[in-house]
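Working notes, beginning with the structure itself.
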Amino acid sequence: MAMRAMQEATFLILTALADGSQHGYGIITDVQQISGGRVRLRPGTLYTALDRLRADELIGVDREEVVDGRLRRYYRLTPAGSGRLADEAARLQAHASAALTRLDLAGGTAT
Amino acid sequence: MTDQAKLERAYRRLLAWYPRRFRHENGQEMLAVLMACAAGGRRRPGLAQAADVIRGGLWMRLFPSVPRSARTVRAAVRFMYAGAAVSTVNLIVLLAVIADIKAYHAVLGYRLTAAQASQFNTLAITVGIVSDLVPIGLWLWMAGANGRGRNWARGLSTALFGVATLDLTGAFETPVFRVSFVPMLFGPTLPVLTWLAGAGAVGLLWCLHRVLPSAGPGADAASTAEATGADLPRAAPAVTVTAIGGALAALASPAAIANSVQPLAARTHGSGGVSVIILAAVVVVLLIGRVVIGRRRG
């Protein structure tokens, strides 16, 4: 079955979780760092994405903690989530290298 | 009240845009993130922040995310609503022709004998209407119960679907001998459609049983257990309910009423057609099963 391309926010959230579990605010700061400060997720966007990713079983709840009287839930990738992220990363990489190769052939603007 | 508390109250109010399920499960957590994201000294949410929170809530309400394990149930519930729709069409047609049943039969080229005409008395018509209302109610009830994950409906639905299957034979008898209202116009179309809706739901139930065990291993224990724990009992009744609805709908169809009036021997008439339809239905169910399984594996 053909898979739709992943939205950038989703891709970055999965990437943030790729090397370990994180809680909501941790994901936001990590995504900002991964994207070089360009993408700052807002909480509404983040939780809409997390809700969808959990339903799709691409992420799961790792553990819960209570910090300052507030619930903190840590999310992590499921095996399906890792696979999906790897597929998407490979796809993006193939596109990017195709673009760079052609630019190179066209006159070497991409060095 | 401190600025912090004011801000928190404002955010709590914004969270009302989200579905109750989400608020219950993620409300506290999201509130913490909202507070952490807010710049210090704020007393009310920024416009962009508030718009984003509201947009997220609307999105979740408009396009609720269905857990993977509950998707077959969702599909089964859709079949039930389809069954209810077909039953409603049945009722509407019945109401349309009931006013002048004799003229209606004349249009179709049948002349009712006095004895046949006398069967369309008030009692028969009332029974006809009620028996069209009952399946509509049942379909909706079943869809609702299944959506909420009630387990009791399972056996009942399956049994009723069985009854509906048996009863379907009534829809294939030669019209001349039948004292039915609607099927003369559409032939066995409506009963068969209703039955197919039930069959689709039952097919989904069987797919679910085949698919779930293989979905278990590999998936993360915590979230899968959470999802399937809630959704497995949710799925089974959904199909059950469909089946019950389908069965009762077919049972209560005008064809069925007429059928009960006729001697049993008349039932054997359409057996050839019945077996063709049942065969077709089995094929449809298998196809649906394949599609569903294919989706899950994909």
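The values are calculated or read from the model by the stated rules, or taken from the named source; none is laboratory data. Computed from a predicted model, the values in this text were never measured in an experiment. Please note: Cβ atoms are built from the backbone with ideal geometry, for glycine as well, and neighbour counts cover all protein chains shown. Note: areas computed on protein heavy atoms with side chains; ligands, DNA, RNA excluded. Shrake-Rupley method; radii C 1.70, N 1.55, O 1.52, S 1.80 Å.
Here are some notes:
- Among the residues listed as A:TYR75, A:TYR47, the single one being at negative phi, in contact (Cβ under 8 Å) with a residue 40 or more places away in the chain and surrounded by 22 or more Cβ atoms within 10 Å (Cβ to Cβ): A:TYR75
- Check on A:ALA49, among the small types (Gly, Ala, Ser), more than 11 Å from the chain's Cα centre (by Cα) and in a helix (DSSP H, G or I): no
- Residues in region B:117-146 that are modelled with pLDDT under 65 and surrounded by 12 or more Cβ atoms within 10 Å (Cβ to Cβ) were compared, and the one that is farthest from the chain's Cα centre (by Cα) is B:ALA117.
Residue by residue, here is whether (1) assigned to a loop (DSSP other than H, G, I, E, B); (2) facing another protein chain (nearest Cβ under 9 Å); (3) open to solvent by 70 Å² or more (accessible area, probe 1.4 Å) holds:
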{"position": "B:ALA32", "(1), (2), (3)": "no, yes, no"}
{"position": "B:ARG55", "(1), (2), (3)": "no, yes, yes"}
{"position": "B:ARG61", "(1), (2), (3)": "no, no, yes"}
{"position": "B:SER65", "(1), (2), (3)": "yes, yes, no"}
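- Among the residues of region B:49-70, the ones that are in contact (Cβ under 8 Å) with a residue 40 or more places away in the chain and over 20 Å from A:LEU41 (Cβ atoms) come to 6 in all.
- Condition met for A:ALA80 (modelled with pLDDT under 95, over 14 Å from the mean Cα position of the chain (by Cα) and surrounded by 12 or more Cβ atoms within 10 Å (Cβ to Cβ)): no
- Residue count for region A:4-42, restricted to those that are assigned to a loop (DSSP other than H, G, I, E, B), open to solvent by 50 Å² or more (accessible area, probe 1.4 Å) and not acidic (Asp, Glu): 8
- Flag for A:THR45 being at the interface with chain B (Cβ under 8 Å from one of its Cβ atoms), under 20 Å from B:ALA51 (Cβ atoms) and not aliphatic (A, V, I, L, M): yes
- Every residue from region B:147-169 that is polar (S, T, N, Q), modelled with pLDDT under 75 and in a helix (DSSP H, G or I): B:SER157, B:THR158, B:THR169
- Condition check for A:ARG73: in a loop (DSSP other than H, G, I, E, B) and under 30 Å from B:CYS37 (Cβ atoms): no
- Some residue of region A:1-21 being among the hydroxyl-bearing types (Ser, Thr, Tyr), within 14 Å of chain B (Cβ to nearest Cβ) and closer than 16 Å to B:LEU31 by Cα: no
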